[in-house]
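A short write-up of the structure that comes next.
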Amino acid sequence: MKNTAIISSSTISARPKMKKKGLFRRTWSLHLMLLPAVVAAIIFRYAPMPGIVMAFQDFKPWLGIGSSPWVGWDNFSMIFSMRDSVQVITNTLLISTMKIIFGLIVPVTFALLLNEIRQMSLKRSIQTMVYLPHFMSWVILGGILLDVLSLEGIVNRLFTTLHLEPVMFLGEGNWFRATVIVSDLWKEFGFSAIVFLAALSGINPDLYEASEIDGASRLKQTIHITLPSLLPIMVVVFTLSLGSMLSANFDQIYNLINPLVLQKGDIIDTYVFRNFQGGQYSFAATVGLFKSVVGFILVGGGYYCAYKWTNYRVF
């Protein structure tokens, strides 16, 4: 009996190992496909992380990380004591918040409107047109916007024709912020709507049929069926976007910013880049680390809220 018990217990413990081996045999090709991305993440994301220690040093390139003098938290206290740093953080939060809010509302609205089109050829044509800007780099779009929105550009020429005053879209702080938000929204809203269109296609059509029998209009169906069905994916998208709260899209700002709008258009990433170019390596590393820590906290809090409100979880 003892031998039987030993054999049975060893057999039971061996089953999970056999299942894992069988699973790996079936999915080894998928792991192989994932390997280049993992290697790239290790090289470009994790390998440079020991450089974080520069944020706690007065880093000197000729001394290296190992011999540069240690300053502790002095660089972090400098972030909030310098007027430029506070202004840059304020600009970043304002621009990022507006992008996140409108970057959620507009794609959802567009997906709802596009879903109402029954002519498939027209629907696909509209989808293709609004997707295209997403695949263009900000180097190209930045050049186009600089030309179109300049004082001699087509927009201001139209204003002049209508006897309106020309607007310095990229030369005045408040107009620059609005231009950045609107142009980013125009570039990304079509591609962002894909996930919401997919969620709309997954809604049970029986719900709409039952509501029609009860006399519900399209507006009431949208309010009571469509939007509640989209709420979980909206929360997920919002949660994922929190990680970029302190980013505000470096590519876009760097290609559009100029000295005239530096006070209201400068963001953390461009500020760090300029400090790094100026040889202030420790301060640049400090601001970057501060941004990463805040982003990590926001993402963690967002995932907790997503799990609490919509029962969405990553693991």
ASP266 passes all but one of (1) surrounded by 18 or more Cβ atoms within 10 Å (Cβ to Cβ); (2) touching a Phe, Trp or Tyr at 6+ places or on another chain (Cβ under 6 Å); which number fails?
(2)
If you go through the range 53-64 one residue at a time, how many are surrounded by fewer than 14 Cβ atoms within 10 Å (Cβ to Cβ) and either assigned to a helix (DSSP H, G or I) or under 25 Å from the mean Cα position of the chain (by Cα) (or both)?
1
Could you give every pair whose Cβ atoms fall below 6 Å, whose first residue belongs to the range 101-127 and is in contact (Cβ under 8 Å) with a residue 12 or more places away in the chain, and whose second residue is open to solvent by 80 Å² or more (accessible area, probe 1.4 Å), counting only separations of at least 6 or pairs across chains?
LEU104/PHE238
From the set of residues in the range 186-222 that are within 24 Å of LYS308 (Cβ to Cβ) and surrounded by 12 or more Cβ atoms within 10 Å (Cβ to Cβ), which is nearest to the chain's Cα centre (by Cα)?
VAL195
So VAL139 clears everything in (1) surrounded by 12 or more Cβ atoms within 10 Å (Cβ to Cβ); (2) in a helix (DSSP H, G or I); (3) touching a residue at least 60 places away in the same chain (Cβ under 8 Å) except one condition, right? Which one?
(1)
If you check every pair at least six apart or on different chains, which have Cβ atoms under 6 Å apart with a residue in the range 67-81 that is open to solvent by less than 40 Å² (accessible area, probe 1.4 Å) first and a residue that is of a type in the set (Gly, Ala, Ser) second?
ASN75/ALA55; ASN75/SER282; ILE79/SER85
Determine whether LYS99 is within 19 Å of the chain's Cα centre (by Cα), modelled with pLDDT of 85 or more and among the charged types (D, E, K, R).
yes
Please verify whether THR160 is under 24 Å from the mean Cα position of the chain (by Cα) and among the hydroxyl-bearing types (Ser, Thr, Tyr), treating the condition exactly as stated.
no
Taking the range 156-172 as the region of interest, how many residues are under 23 Å from PRO259 (Cα atoms) and exposed (fewer than 14 other Cβ atoms within 10 Å of the Cβ)?
1
Cβ-Cβ under 9 Å pairs, at least 6 apart or on other chains, the range 281-303 side free of Cβ contacts under 8 Å to residues at least 12 places away in the same chain and closer than 19 Å to VAL86 by Cα, far side open to solvent by 30 Å² or more (accessible area, probe 1.4 Å) and among the aliphatic types (A, V, I, L, M):
SER292/ILE52
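The values are calculated or read from the model by the stated rules, or taken from the named source; none is laboratory data. None of the values given here were measured: they were computed from a predicted structure. Backbone-built Cβ (ideal geometry, glycine too); neighbour counts: all protein chains shown. Just the protein is used for accessible areas: all its heavy atoms, side chains included, with ligands, DNA and RNA removed. Shrake-Rupley method; radii C 1.70, N 1.55, O 1.52, S 1.80 Å.
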